[in-house]
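Below: the structure, in structure tokens.
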Amino acid sequence: MVWQDFSAFSSTNIASIRYEDEQAILEVVFHSGGTYQYYDVPSLVIEEFKQADSKGSFLAARIKGHYRYSKV
């Protein structure tokens, strides 16, 4: 797997985000220490996520509840 890290951003909840294109896995690490992987997230959604002004709002509106996930 080859992970692509998101460019630097500022968020009160999210510490880092990365994406694995081949398997369409989005990984989100929270400042609280939790790490979640979301599965089958299309690259088009990832491009929109990268451009979002608020990563937390985008995650809540477009990722959570829309894709399978697991805590890792």
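The values are calculated or read from the model by the stated rules, or taken from the named source; none is laboratory data. From a predicted model like this one, the values you see are computed outputs, not experimental measurements. Note that each Cβ is placed from the backbone with ideal geometry, even for glycine, and that neighbours are counted across all protein chains shown. The protein model used for the area step is the full one, side chains on, heavy atoms only, and it has no ligands, DNA or RNA in it. Shrake-Rupley method; radii C 1.70, N 1.55, O 1.52, S 1.80 Å.
Below is a table of values for the structure above.
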item: Verdict on Gln37 being closer than 19 Å to Ser70 by Cα, open to solvent by 60 Å² or more (accessible area, probe 1.4 Å) and not hydroxyl-bearing (Ser, Thr, Tyr); result: no
item: Test: residue in segment 51-72 that is at pLDDT 95 or above, of a type in the set (Lys, Arg) and open to solvent by less than 70 Å² (accessible area, probe 1.4 Å); result: yes
item: Long-range neighbours under 7 Å by Cβ, at least six apart or interchain, first residue part of a strand (DSSP E or B) within segment 20-35, second surrounded by 11 or more Cβ atoms within 10 Å (Cβ to Cβ) and of a type in the set (Lys, Arg); result: Glu27/Arg18
item: Count of segment 1-34 residues which are of a type in the set (Ser, Thr, Tyr), under 18 Å from Lys71 (Cα atoms) and open to solvent by 80 Å² or more (accessible area, probe 1.4 Å); result: 1
